[in-house]
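Heads up: the structure comes next, in structure tokens.
The values are calculated or read from the model by the stated rules, or taken from the named source; none is laboratory data. All figures in this text were calculated on a predicted structure; none of them were measured in a lab. Every residue, glycine as well, gets a Cβ built from its backbone with ideal geometry; the counts of neighbours run over all protein chains shown.
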2 protein chains.
Amino acid sequence: MGRYELEYPKDATNLVKRHGERANNERGVATGVYALEKIHSLINGTQLLHVSFNPPGSPFPVTLPMIGQMGSFDRPSASLGDPLDLYIHGYVSARMFNVGRDAGAEGVPVCIAASHVDGLVLAVSAFNHSYNYRSAVLFGHAYLVTDEAEKLYAMELITDSVVPQRWRNSRLPPTGAELQSTSLLRIKIASGSAKFRDGGVVDDKHDLENEDALNSVWTGVVPIWSTMGEPIPSGHNRVDLPKYASEFFDEFSKDNKELALSAASKQPGA
Amino acid sequence: MGRYELEYPKDATNLVKRHGERANNERGVATGVYALEKIHSLINGTQLLHVSFNPPGSPFPVTLPMIGQMGSFDRPSASLGDPLDLYIHGYVSARMFNVGRDAGAEGVPVCIAASHVDGLVLAVSAFNHSYNYRSAVLFGHAYLVTDEAEKLYAMELITDSVVPQRWRNSRLPPTGAELQSTSLLRIKIASGSAKFRDGGVVDDKHDLENEDALNSVWTGVVPIWSTMGEPIPSGHNRVDLPKYASEFFDEFSKDNKELALSAASKQPGA
């Protein structure tokens with residue numbers, strides 16, 4: 001779409017409150033973001049999404065960890081900043097897919113959350129402790145994918161989100177039984193937002209003037225990131241670890257580490 | 001409680017389906033667990049919980065990342081296998097706390113999810129790919145904590161979940177403004193369950209007999225864990241990193257790595 005940076009419109013559902021209850025607190029402002037590209041990137045970079053829905057007859061929403069990826073079956077070349085659907089796959093989610101089957105044309109209202117912790121922020125006062133984090137939330141309606149070509153598109157998208165290029169480097173084509181037994185949901189997005197916190201410790205003025213506290217409390221940021229270890233071949237593996245895989249495993253740890261270190265060194269709210 | 005291992009009763013809300021839709025699939029059985037100790041340990045070992053609730057007037061559930069910890073204000077010596085409340089704290093959650101204020105005596109129905117990815121499981125067929133993971137879900141009713149002693153109990157519990165012993169090693173006592181501006185929720189648990197998958201690759205028989213596939217597709221497990229990097233002191237820090245902190249940071253990375261490696265080496269479903 002090029003020229004404009006598309007945003008989800010702000011409404012009562014997705015509005016990010018900036019510490020409404022404690023506007024005078026200086027522990028660091030959490031920043032709200034509505035740009036599609038930023039939100040979709042966070043969703044796509046998250047190994048487990050948390051998908052919530054309301055099962056009929058229960059007072060409680062249900063939240064399930066699932067694997068998902070943003071994409072467009074109608075326009076596969078769409079970029080991350082374009083309007084996209086979210087495809088999700090879950091062997092963990094029989095209940096939700098059952099709801100999806102029942103809901104038919106209306107779709108199941110769902111909320112999808114993606115969150116990363118980038119570091120501990122340890123201040124003088126316990127009340128000024130925080131995390132550096134990145135989080136995104138999407139709202140939308142879930143539909144069961146029934147078209148076979150769309151199923152294949154979504155399975156490739158999701159498989160390649162686990163390891164890029166993995167789909168074409170696994171056994172193809174899928175068997176009829178595999179396609180039949182796999183349930184996928186397409187979520188038509190209604191709105192979304194992202195929220196993040198980065199930077200160093202933000203302490204209150206009275207704590208920065210408290211000699212006793214400054215002389216006794218360690219303050220700083222501890223970066224945190226997700227890392228991949230040495231791959232462990234299966235008992236039936238006969239193949240050397242291919243380059244597409246080893247490069248991704250190395251980059252995964254390296255990129256996450258860089259993100260955590262860069263978050264720690266930023267000015268809060270910058 | 002000692003003698004018995006308490007479990008949450010199975011009902012329609014928390015029942016873990018064991019791949020109901022694909023019982024013949026052999027990719028590895030996800031195991032359902034109802035023991036309080038296992039579920040509470042997973043919740044307490046998770047840096048960001050995903051808390052879902054239904055805001056009045058919206059069709060969508062809302063899921064927020066929050067910090068929480070299981071505990072018992074009435075019996076602080078209770079162990080992880082005992083019935084406990086979940087205390088949560090969220091500057092990210094003004095909307096939920098507002099709902100909490102309105103809901104009064106009834107409490108707000110919530111779902112809390114905690115999930116960890118322990119590894120990628122890469123099989124011959126894309127459809128037999130999986131994650132090693134540990135996940136827990138709790139259902140309950142949220143109430144605003146108004147009693148000052150209970151607020152202090154919960155803040156200590158939650159602060160020490162970020163870094164053990166941090167509360168007593170930060171600036172104490174809290175100021176009146178800090179206590180007043182901090183919103184905490186106590187969640188009375190109604191039910192819960194956990195689900196996990198560990199072990200190696202599980203491929204279908206026809207793939208294990210497919211010479212072309214075996215000679216071309218790398219299969220195995222890639223362990224994944226969360227790690228903490230070198231602590232970065234704040235600009236106003238004057239103190240050497242204390243032992244309670246450095247030991248925890250080291251153990252965090254070491255323990256998570258061991259969990260991921262041990263999950264990778266287990267027999268699936270064992």
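Worth pointing out:
- Among the residues making up the stretch B:46-63, those that are more than 7 Å from every other protein chain (Cβ to nearest Cβ) and either in a strand (DSSP E or B) or under 14 Å from B:LEU138 (Cα atoms) (or both) are B:THR46, B:LEU49, B:VAL51.
- One residue alone among A:ASP212, A:ASP207, A:ASP240, A:ASP250 is acidic (Asp, Glu) and under 21 Å from A:TYR131 (Cα atoms), and that residue is A:ASP207.
- Among the criteria (1) modelled with pLDDT of 95 or more; (2) of a type outside the set (S, T, N, Q); (3) surrounded by fewer than 19 Cβ atoms within 10 Å (Cβ to Cβ), the one A:ASP203 does not fulfil is (3).
- Residue check, A:THR182 within 22 Å of B:THR175 (Cβ to Cβ), touching a residue at least 60 places away in the same chain (Cβ under 8 Å) and of a type in the set (Ser, Thr, Tyr): no
- The residues in the stretch A:232-263 that are farther than 28 Å from A:VAL121 by Cα and within 11 Å of another protein chain (Cβ to nearest Cβ) can be counted, and the count is 16.
- Of the strands (runs of 3 or more DSSP E) lying entirely inside the stretch A:106-220, those carrying at least 2 residues that are within 7 Å of chain B (Cβ to nearest Cβ) and more than 30 Å from B:GLY229 (Cα to Cα) are A:108-122.
- Among (1) of a type outside the set (Val, Ile, Thr); (2) surrounded by fewer than 23 Cβ atoms within 10 Å (Cβ to Cβ); (3) at pLDDT 95 or above; (4) in a helix (DSSP H, G or I), the one test that A:HIS40 misses: (2)
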